[in-house]
1. Any chance you could count how many residues in the range 94-142 are under 23 Å from Ala277 (Cα atoms) and not basic (Lys, Arg)?
2. Report yes if some residue within the range 300-314 is touching a Cys at 6+ places or on another chain (Cβ under 9 Å), open to solvent by less than 20 Å² (accessible area, probe 1.4 Å), outside any loop (DSSP other than H, G, I, E, B) and of a type outside the set (Val, Ile, Thr); otherwise report no.
3. Looking at this structure, is Ser61 farther than 25 Å from Asp215 by Cβ, at pLDDT 95 or above, touching a helix residue (DSSP H, G or I) at 6+ places or on another chain (Cβ under 6 Å) and surrounded by fewer than 23 Cβ atoms within 10 Å (Cβ to Cβ)?
4. Against the conditions (1) open to solvent by less than 10 Å² (accessible area, probe 1.4 Å); (2) free of Cβ contacts under 8 Å to residues at least 24 places away in the same chain, where does Ser338 fall short? Just the number, please.
5. Among the numbered criteria (1) of a type outside the set (Gly, Ala, Ser); (2) more than 21 Å from Tyr388 (Cα to Cα); (3) open to solvent by less than 10 Å² (accessible area, probe 1.4 Å), which single criterion is violated by Pro152?
6. When you look at Arg284, is it basic (Lys, Arg), open to solvent by less than 30 Å² (accessible area, probe 1.4 Å) and touching a residue at least 40 places away in the same chain (Cβ under 8 Å), yes or no?
7. With within 25 Å of the chain's Cα centre (by Cα), modelled with pLDDT of 95 or more and closer than 30 Å to Arg163 by Cβ as the only criterion, which of Ser387, Ser399 stands out?
8. Just checking, does the range 341-363 include any residue being surrounded by fewer than 19 Cβ atoms within 10 Å (Cβ to Cβ), more than 30 Å from His272 (Cβ to Cβ) and of a type in the set (Ser, Thr, Tyr)?
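The values are calculated or read from the model by the stated rules, or taken from the named source; none is laboratory data. Remember, it's a predicted structure, so these values are computed and weren't measured experimentally. Virtual Cβ from ideal backbone geometry, glycine too; neighbours counted across all protein chains shown. Side chains included, ligands, DNA and RNA excluded: accessible areas come from the protein's heavy atoms. Shrake-Rupley method; radii C 1.70, N 1.55, O 1.52, S 1.80 Å.
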Amino acid sequence: MSVRKRVLIVSATTGYQLRAFDEAAGRLGVELAFATDRCHLLDDPWRDRAIPVRFYDEPSSVDAIVASAREAPIDAIVAVGDRPAVLAAVAAATLGLPGNPPAAARTSANKNLTRAALASAGLPSPWFETLPLSVDLTDLLARARFPCVVKPLELSGSRGVMRADSPQQLEDALARLRKLLDRPQVRAERNPAHERVLVEGYIPGREFAVEGLIDRGCFHSLAVFEKPDPLEGPFFEETIYVTPPDSAADGKLEALIVHTIGAAARAIGLQHGPVHAECRVNARGVYVLEVAARPIGGLCARALQFCDGDTLMSLEELILRHARGEAVDSRTRETAASAVMMIPVPRQGYLKGVEGLDAARDVSGISEIEITAKPDQMLQPLPEGASYLGFIFSRAATSREAVAAVREAHSRLTFRIDQPLLLSGT
């Protein structure tokens, strides 16, 4: 009789992705425990019996996880999110469980540390430097090369990322980022990385993402996504992911991307667990943007299904299988092309309604549409915004058909957004 495994999920909050892990655990017979930054003063507000942690208070959070493990042993730890990945690495090392070295997890979560590690390994890299937010801009504006990109060190996704083509645009971008990082909800993270900013050379080219697993230092690619919409600035809002990449049909480019991501993961020092990586490709090579020690965020994982005999499994199920010690390198993605659109926020305001959902769902190839924004929720586009309106998923015989389906479905949706009386943060 097999022993039931207990896996700890470390996450910022209880959300959609945790429900997907919970469903996968039910199918596998895995017991899940959670460690989240929920309010520690309330008695189990989410009814998930989660261990309350604070990412800015690592020692106390690790102590809480270790105390829980004494009561009910933990067999593996999985992180969902960048800051959770660091805490998960420290907790795994403390408990003697497979995971990433804490230093590698910290590097993967910090854009400056990632840049330095990749450059030291000889991988293609732009020029870059990190500066305090309060720096005198005179010298920077005099020596900066254009175009360049301004980035916060540890905000997720493309939040706060801005392109500058001139000294004035660079000055404006830095001022805008300073306001964003000074917002109460950002300052509440108590993250010292928010006191600094990365400025680096703009990398032209097509953008790709790679989903993978590292098994004791060996990188396995699960899927390569192409981002068909050009991401050239001034902001870098991602919209569509499609796999397999349409522009890598011969397999050579995809193989080069996977090889470079594997080299980047080794340069950072990642050893075990899920990986989500981003890169840009041009005539000079593959430029890695990030290698995060976590799976793809939000609901985007629903775009991936893997073959398990005659049935399909989710990415979350594959990650849990890997966490409990199964070999997963033989698992392959389904044969159909798959796309997901992260529905962009067109303007700031309050969401009052969504029209055209039935017509959008009737588009051939559409498998699911999920509107995640709530009625009367305040919406804000990038670079200040931190969420999407929702997600559109499609499956088709080819990548082009999958992309065309999500575009057509999106064109049939109308979002009623009321402009607020007072605009803030712009």
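1. Quick first cut of the range 94-142, residues under 23 Å from Ala277 (Cα atoms) only: 98-130.
Checking which are not basic (Lys, Arg) leaves us with 98-105, 107-110, 112-114, 116-130.
Final tally of qualifying residues: 30.
2. Pass one, the range 300-314, residues touching a Cys at 6+ places or on another chain (Cβ under 9 Å): 313.
From what's left, open to solvent by less than 20 Å² (accessible area, probe 1.4 Å): 313.
Narrowing the set further to residues that are outside any loop (DSSP other than H, G, I, E, B) leaves 313.
Now drop any that are not of a type outside the set (Val, Ile, Thr), which leaves 313.
Yes, some residue in the range 300-314 is touching a Cys at 6+ places or on another chain (Cβ under 9 Å), open to solvent by less than 20 Å² (accessible area, probe 1.4 Å), outside any loop (DSSP other than H, G, I, E, B) and of a type outside the set (Val, Ile, Thr).
3. On the way: farther than 25 Å from Asp215 by Cβ: yes; at pLDDT 95 or above: yes; touching a helix residue (DSSP H, G or I) at 6+ places or on another chain (Cβ under 6 Å): yes; surrounded by fewer than 23 Cβ atoms within 10 Å (Cβ to Cβ): yes.
Taking the combined requirement at face value, the residue satisfies it.
4. Ser338 satisfies every listed condition except (2).
5. (2)
6. Values: basic (Lys, Arg): yes; open to solvent by less than 30 Å² (accessible area, probe 1.4 Å): no; touching a residue at least 40 places away in the same chain (Cβ under 8 Å): yes.
No: the conditions fail for Arg284.
7. Numbers: Ser387 fails: modelled with pLDDT of 95 or more.
Of the residues listed, the single one that is within 25 Å of the chain's Cα centre (by Cα), modelled with pLDDT of 95 or more and closer than 30 Å to Arg163 by Cβ is Ser399.
8. Scanning the range 341-363 turns up at least one residue that is surrounded by fewer than 19 Cβ atoms within 10 Å (Cβ to Cβ), more than 30 Å from His272 (Cβ to Cβ) and of a type in the set (Ser, Thr, Tyr).
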